[in-house]
1. What is the number of the single condition among (1) surrounded by fewer than 18 Cβ atoms within 10 Å (Cβ to Cβ); (2) in contact (Cβ under 8 Å) with a residue 24 or more places away in the chain that Asn227 does not meet?
2. Scanning for something modelled with pLDDT of 75 or more and assigned to a helix (DSSP H, G or I), does the stretch 610-622 turn up at least one residue?
3. Can you find, within the stretch 62-96, the residue that is most open to solvent (accessible area, probe 1.4 Å) among those that are of a type in the set (Lys, Arg) and in contact with a helix residue (DSSP H, G or I) (Cβ under 7 Å, 6 or more places away or on another chain)?
4. With respect to Lys211, determine if the residue is open to solvent by 30 Å² or more (accessible area, probe 1.4 Å), touching a residue at least 12 places away in the same chain (Cβ under 8 Å) and part of a strand (DSSP E or B).
5. Scan the stretch 214-224 for residues that are over 30 Å from the mean Cα position of the chain (by Cα) and open to solvent by less than 90 Å² (accessible area, probe 1.4 Å) and jot them down.
6. When the residues of the stretch 471-497 are narrowed to those that are within 33 Å of the chain's Cα centre (by Cα) and open to solvent by 80 Å² or more (accessible area, probe 1.4 Å), which ends up farthest from Ser428 (Cα to Cα)?
7. Would you be able to tell me the number of residues in the stretch 436-456 that are part of a loop (DSSP other than H, G, I, E, B), open to solvent by 70 Å² or more (accessible area, probe 1.4 Å) and more than 28 Å from Asp87 (Cα to Cα)?
8. If I ask for residues that are assigned to a loop (DSSP other than H, G, I, E, B) and without any contact (Cβ under 8 Å) to a residue 40 or more places away in the chain, which ones from the stretch 389-428 would you list?
Amino acid sequence: MLVAIKTPEQVTQEREAEQQRRRENERAVQRQNRVVDHLAAHVRSCWEIAKHDRSRLNRRLLDCLRRRKGEYSPEKLEAIKNQGGSDIFMMITGSKCRTAKSWLSDLYAPVGDRPFTLEPSPVPDLPPDIMQKLVTEAVAAAQEYGLDENAMRQMLAKHRDRLLSELKQDGEDRAEKMAEEIEDMLLDAGWREAFDEFLDDLVTYPAAIMKGFEFRRAKTLKWMQSNDGSFYPAPGHKITAKVRRVSPFRIYPSPTAGADIEGHWLIEHHSFLRSDLAAMRSAPGYNSEGIAMVLAQYGDGGLREWIWNETERAQLEGRSMVHNYEEIDALELSGSLRGQTLLDWGMDPKEISDPNDEYTVSVMVIGSHVIRAVVNPDPAGKSDYYKASWQQLPGSFWGEALPEILADCQDTCNAAGRGLINNMGFASGPMVWVEQDRLEPGQNVTEMHPWKVFRSNSSPAGNAGQGIGFFQPDSNADELMNIYERFNRYADDITGLPSYAHGSDQGAGAAKTASGLSMLMNASSKGIKMLIRCIDIYVIERIVGKAYNHKMLHSERNDIKGDLRPKARGSESLVHKEQAQLRQQELLQITSNPIDMQILGLEGRREMLGEVLKTGSLPVDRLIPTAEELRDRMHADAQKQIQAEKQKQIDAQNKAQVPDDQQIQATA
């Protein structure tokens, strides 16, 4: 056994090194605590500013929700009850909101296709290294075969065009593969459910917001096969990306925020369950120690950041406002901070390369604990929030909601409806007047039935006439119905959502025929084009771009990577689907002739047939071969033809070498 003996100098050096490491760790902890304290204070300061700037907006949001649900505000309902009569609410706003959502859902869920595409960047010329290699090979070939300069230039141009075409085709193939990867990522992230809720908000509130991507730890379950052939469960965990809708009641933008989120801070008010916080542990960017402290402090009693309108909002949404001790509220700030500010707060200089640059950060605070504080890892520095409005207002974060546009028509139709119901009640039968002093005591004049006898006395004043009389109130139903129908039609005009768009048979003129109705539907879609364009630019393309950057950074597949640009296809779906399908089928029949087939080729015909089958919800992948399989078939057929031609030539040569009977007789 060997024993290490250290000199006094070595022992002293080790002690000093240990003390130095301890001092560095303490300084790191102090620096981290200073950063956390400054970030938490900054979030709280922004929260107070945004919360006090929001009182008028909360009233707008609640009013929009009431109008869609068909409920009066408490003040309006009290005034109606004081006046007496009907409190009917004509559900024009709710009908228009449902129609708008159905229309948008149909546009963004095309049959057999995705709502976006990826386009390769144009290739203006060959890369310098490939061009230099091509020139070198052309010069070598010219010297070898003795070609002149013109022939060499023609050969160089021919090969250059061929390579450009191959690069373009390669870019398109990579774009299609990347689009499939992004589509799978979005589906796994809950895109369909989140986008459906987003459309609900879009047709109801002044703004609809989505967020993505968030990375959480999720439980997984795989069934493994043992050696004896039986299966057993193998639970585990993995980090998954999530996309979700953000409630407009829970988003607090900066008072100076404009129509675009980029460049401004905003705060989201979260309500987490303990299981949600547990799923954040070990996820990228989250502080596991801070989450553990939050669960230890608030896990049993919960934590609420109360807002004044929460009670009424919960009632409208059908939720109970009994204090839920399972929920823990958090505040998440997303925005840009100056690099020097982050350095002054003690952030690691390795993460801040330029003190004068703006850095997008995300900070999540629960109570006094910061559970997330990261610099945006996106190379483009784009926000994780995406917003659209039914009618965008320049320079304003909040647009104009569909229920707000319909407010005047809705209120007028409500007034006409209440008046109609009240008038129908008055005019439904005769009304009675009675001279009370002429009736015999004990009679109940409010109880009416056929053959009833009213006993009356003579008038004390000696007046002639009856002591009881009947009269019929006038009915104003026609006038009130005309008012209601006029403003109901006016609602069609100001929203661009005509009644025949959701199945009403009240259309006139051209709407009475199938072709005329199709023309009117296409014309009415022009009013919604601005909304489609807003969703395409500010939501679809941005979230697809975020997914594209993630795949470029973290995907292990190199065959999908390339210089690509996302493009939403919502505006392309504005053409009526039935008409588009008929046009595709007609084009397929028109080009079914030998001349067009020579121009299109089998590959072009395959693309056309694939688009037609997609609109019919048919399994294109199983019915049509891929482009590679088709090229292999064409190559195999070409090889067979070449072999057949060679065999014919061989047979002809053999036949020419064998003498016939006449030649044999002549020789004999």
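1. Unmet condition: (2).
2. yes
3. Taking the candidates together, the pick is Lys69.
4. Considered against the rule, which asks whether it is open to solvent by 30 Å² or more (accessible area, probe 1.4 Å), touching a residue at least 12 places away in the same chain (Cβ under 8 Å) and part of a strand (DSSP E or B), Lys211 comes out as no.
5. Met224
6. Only one residue fits best here, namely Asp493.
7. 8
8. Ser428
The values are calculated or read from the model by the stated rules, or taken from the named source; none is laboratory data. In this text, all values refer to a predicted model and were calculated from it rather than measured experimentally. Here Cβ is always computed from backbone atoms with ideal geometry, including for glycine, and neighbour counts include all displayed protein chains. Areas reflect the complete protein model, heavy atoms only, side chains present, ligands, DNA and RNA absent. Shrake-Rupley method; radii C 1.70, N 1.55, O 1.52, S 1.80 Å.
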